[in-house]
């Protein structure tokens, strides 16, 4: 009987040791996360909802930055609905938030993701060849490509794989002229470099906020809630700090 009784005891000891080991590993991981989380908080174009006031955008029922699973939006309408909203607004932040939501929906529907990219790319090309180029159309194609890269990765799942979205955003800035909100977008895109361009975009965004209340509100919001950096702090941080690009 002593042999029979010893087996549960050994199992208990093993479970206790395993539990202690797990707690130690977990504590180490938490400590590491807390140390690096300000720098590796997640894709900046995706993991933060932009303040657009009462402006129209794609349907959104979540109280967080991500979809909550309760959405009943038909992604077959994604391209059509997104372009309609973009055409109706001249506010860059509305475009940023709409494309952020579109990217989250696109991850659930590969065909919708491809269709939206193709339509925005064709729209941007037409805008660039127009006698009066539409800067926001060029911006939209570039911003979506960068949002896709951050959220869909750089493999076959991403229909924009290989597209240099940042180059399109820079072209849009040349066409648009003085737009602090678009500079804010460019600063977020370049958080992991090039450092010199990132800091130039960040400074222009901060300067633009002095006369743009909506941009000012967005720069003063915190990236991931209380305790995290404000958006202004994030885009102005040292060039040696990297942000994860998924």
Per its Cα gyration tensor (rounded if a/c is under 1.5, else prolate when a/b beats b/c, else oblate), segment 158-204 is best filed as oblate
Quarter of the surface of the C-alpha convex hull for segment 122-179, i.e. direction-averaged projected area in nm², equals 3.9
Most exposed first, judged by fewest Cβ atoms within 10 angstrom, 217, 100, 76 run 76, 217, 100
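Output the peptides 187-193, 133-139 sorted from most to least packed, where packing is the average of other Cβ atoms within 10 Å over each peptide's residues.
133-139, 187-193
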If 95, 48 are placed from fewest to most neighbouring beta carbons inside 10 Å, the sequence is 48, 95
The base-10 log of I(q)/I(0) that the Debye equation returns for segment 75-235 at q = 0.09 Å⁻¹, one scatterer per C-alpha, is -0.28
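Coordinate-derived values only; no laboratory data. Quantities reported herein were computed from a predicted structural model and do not represent experimental measurements. All Cβ positions, even for glycine, are placed from backbone atoms using ideal geometry, and neighbour counts span all protein chains on display.
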